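Notes follow once the structure below has been shown.
The values are calculated or read from the model by the stated rules, or taken from the named source; none is laboratory data. Since the structure is predicted, the reported quantities are computational estimates derived from the model, not experimental observations. Counting neighbours? That spans all protein chains shown, and the Cβs are built from the backbone with ideal geometry, glycine included. When the accessible area is computed, the model is the full protein with side chains, heavy atoms only, and any ligands, DNA or RNA have been set aside. Shrake-Rupley method; radii C 1.70, N 1.55, O 1.52, S 1.80 Å.
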Amino acid sequence: MNHYYNFYVISSMKKFSNYINGAWIHRSDSSFFQNINPADSLDIIGEFPESNSSDIDDAVKAAQQAYKQWRLMPAPKRGNIIRKAGDIFERRKEELARIMTREMGKPVFETKGDIQEAIDTCYYAATEGRRLFGYTVPSEMDNKMNLSFRMPIGVCGIITAWNFPIAVPSWKIIPALVAGNTIVFKPSEDSPESAIIFAEILEEAGLPAGVFNVVFGKGDTGSALVEHPDVKLIGFTGSTATGKRIAMRCGELNKKCSLEMGGKNPQIVLDDADLDLALNGVLWGAFGTTGQRCTATSRLILHENIHDEFVQKLQAKAEKLRVGSGLDDTTEMGPVINTKQFAKIKEYIEIGKNEGATLLCGGVEPSDETLKNGNFLLPTIFTNVTPQMRIFNEEIFGPVLSVSKVSSFEQAIEYANHCAYGLSSSIFTKNVHVAFVAMRELEAGITYINAPTIGAEAHMPFGGIKGTGNGHREGGWTVFDIFTEWKTVYVDYSGQLQRAQIDNQE
Ligand code: NAD
């Protein structure tokens, strides 16, 4: 193995390296995969190693070694390093946003928001290093004290999707580090360069070598990370199909595993709602990030009294959205991530037509010749969608919105809950009673009142129920339940043997 800068150039192609034990590691026998700009297939950003189990083993060994010291550093000091990382994310925001947009497509104003979420996470988690509260509880015995506090877990394997290349990894990596764990990170093969910058920033902030490691690759590399016996926890964000497979293996291997998976999120609009607000909400929720958010609004449930008027206005606005490269300042909606996902979305558009839904607009590529090398689709809206249809139930993960008509609030809730996923949900109404019933009845980890299904804040619990999650919540204070174990301590200062449940019976 040799130590290199984070990339080197062969025949004008940038080849990037894994980051292990504080060094950029190139293996001469690596295979590589290409990172391609989704807005322009002729723009090849570089090649990244398709790492094998031996690379994973090197990274895990480094993380295990570093854990010995890192776990002993006082949490407020770990927090200080993370706060500095927040400052550096802020300083490099503009440059990093353009790197992210080039590799995953969403407009720069959105990638800046993505980085802002990591900055917020750093500042929040840094101060959590001074809290990480435990409980001191009365004992049932004389002269005895009961304590409980959080302990780190060890080497954590982090596997993530590409749609939030910085924010989503930060939700896991940053609190995991503050809690005293060390990390091996396998970023998505569709947004690997963002992970290079993540490593640079943590290194500059003063993270000791080996505490954070990055190993590039696809599913097989992720799988090798799951299988490694010294990886104690897997933190995963991605599709429900992959997440379930990982959870089954973690069950067999007795590893802790937190899953953030797919969504099929409904926005309800009742007939008393502020319709302009609801309209702007659904445009942002459905077509922001080209509909490629786990929390994207993919189902719009409209009360019949406002259905026709709302749909007409929505179509007019959706058709005006400016589609193009995210690097162009005027773009409102970027490309779809890759050709495989592009083909899948087009297949769903055919499924929708065949199921009898009405294609209101979109469903095709833009006619603009300058966009012909990218994975561009026009904002697509289906109406007359019923709960029996696949496009109502299955996650499409693209700019495709399904609209259904209902005759009452009760039916709206029934439609919203008619789904295997349970991440986000939203309702637009001015009726306080109805809003509170919706908060209680909507089957989702997150509910927005008079706001779209997207817009999570870093200091609040984030996650879903049903097919979306496995009971954990990232964000805020709840993420520490994932990345710590509770230690319980009994201190008996009575000087005699006291037998719990025996000596203190009445
Ligand atoms: P994906 O499941 O294809 O891949 C996710 C990650 O898992 C990638 O890094 C991939 O290389 C890795 N992977 C694939 N197979 C693996 C295996 N067998 N073992 C270990 N790792 C493996 O998902 P994607 O297409 O990258 O992302 C889109 C999905 O992510 C959507 O379903 C979306 O809803 C979901 N997502 C969820 C959240 C959330 O917080 N709930 C956030 C963002 C994205």
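Side notes on the structure shown:
- Here Ser298 fulfils each of the conditions (1) more than 14 Å from Asn375 (Cα to Cα); (2) away from the ligand (no atom under 13 Å from the Cβ); (3) in contact with a Lys or Arg (Cβ under 9 Å, 6 or more places away or on another chain) apart from (2).
- For Arg440, the stated conditions do not hold, so it cannot be described as under 18 Å from the mean Cα position of the chain (by Cα) and without any contact (Cβ under 8 Å) to a residue 60 or more places away in the chain.
- Enumeration of residues in the stretch 465-504 that are open to solvent by 60 Å² or more (accessible area, probe 1.4 Å), outside any loop (DSSP other than H, G, I, E, B) and polar (S, T, N, Q): Thr488
- Members of the stretch 219-262 that are part of a strand (DSSP E or B) and not hydroxyl-bearing (Ser, Thr, Tyr): Leu233, Ile234, Gly235, Phe236, Lys256, Cys257, Leu259, Glu260
- Test for Gly352: is it of a type outside the set (Ser, Thr, Tyr) and touching a residue at least 60 places away in the same chain (Cβ under 8 Å): no
- Elements of the type strands (runs of 3 or more DSSP E) sitting completely within the stretch 337-421 and holding at least 1 residues that are open to solvent by less than 30 Å² (accessible area, probe 1.4 Å) and under 26 Å from Ala161 (Cα atoms): these cover 380-383, 400-406.
- Within the stretch 150-167, at least one residue is more than 23 Å from Lys84 (Cα to Cα), away from the ligand (no atom under 16 Å from the Cβ), open to solvent by 20 Å² or more (accessible area, probe 1.4 Å) and assigned to a strand (DSSP E or B).
- When the stretch 124-149 is filtered for residues that are outside any strand (DSSP E or B) and farther than 28 Å from Glu260 by Cα, the ones remaining, listed by number, are Ser139, Glu140, Met141, Asp142, Asn143.
Let's see how each residue does on (1) surrounded by fewer than 24 Cβ atoms within 10 Å (Cβ to Cβ); (2) modelled with pLDDT under 95; (3) closer than 30 Å to Gln64 by Cα; (4) out of contact with any helix residue (DSSP H, G or I) (no Cβ under 6 Å at 6 or more places or on another chain):
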{"site": "Ala209", "(1), (2), (3), (4)": "yes, no, yes, yes"}
{"site": "Val215", "(1), (2), (3), (4)": "no, no, yes, no"}
{"site": "Glu252", "(1), (2), (3), (4)": "yes, no, yes, yes"}
{"site": "Lys256", "(1), (2), (3), (4)": "yes, no, yes, yes"}
{"site": "Asp274", "(1), (2), (3), (4)": "yes, no, no, yes"}
{"site": "Ala296", "(1), (2), (3), (4)": "no, no, no, yes"}
{"site": "Glu309", "(1), (2), (3), (4)": "yes, no, no, yes"}
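- In the stretch 240-250, of all residues being small (Gly, Ala, Ser) and open to solvent by less than 50 Å² (accessible area, probe 1.4 Å), the one that is farthest from the ligand (Cβ to nearest atom) corresponds to Ala247.
- Residues located in the stretch 89-99, provided they are touching a Lys or Arg at 6+ places or on another chain (Cβ under 8 Å) and open to solvent by less than 10 Å² (accessible area, probe 1.4 Å): Ala97
- The stretch 263-319, subset of a type in the set (Val, Ile, Thr) and assigned to a strand (DSSP E or B), residue farthest from Asn163 (Cα to Cα): Val269
- Count of residues meeting criterion [in a loop (DSSP other than H, G, I, E, B), touching a Leu at 6+ places or on another chain (Cβ under 9 Å) and within 16 Å of the ligand (Cβ to nearest atom)] in the stretch 171-202: 0
- Single residue of the stretch 252-274 satisfying the filter (away from the ligand (no atom under 14 Å from the Cβ) and not hydrophobic (A, V, I, L, M, F, W, C)) that is nearest to Ile449 (Cα to Cα): Gln267
- Figure legend. Inter-residue proximity from the stretch 409-430: first residues touching a residue at least 40 places away in the same chain (Cβ under 8 Å) and over 25 Å from Gly471 (Cβ atoms), second residues in a helix (DSSP H, G or I) and not aliphatic (A, V, I, L, M), beta-carbon distance below 9 Å, spacing 6+ or different chains. Indicated pairs: Tyr415/Phe392; Phe428/Gly281; Thr429/Phe409.
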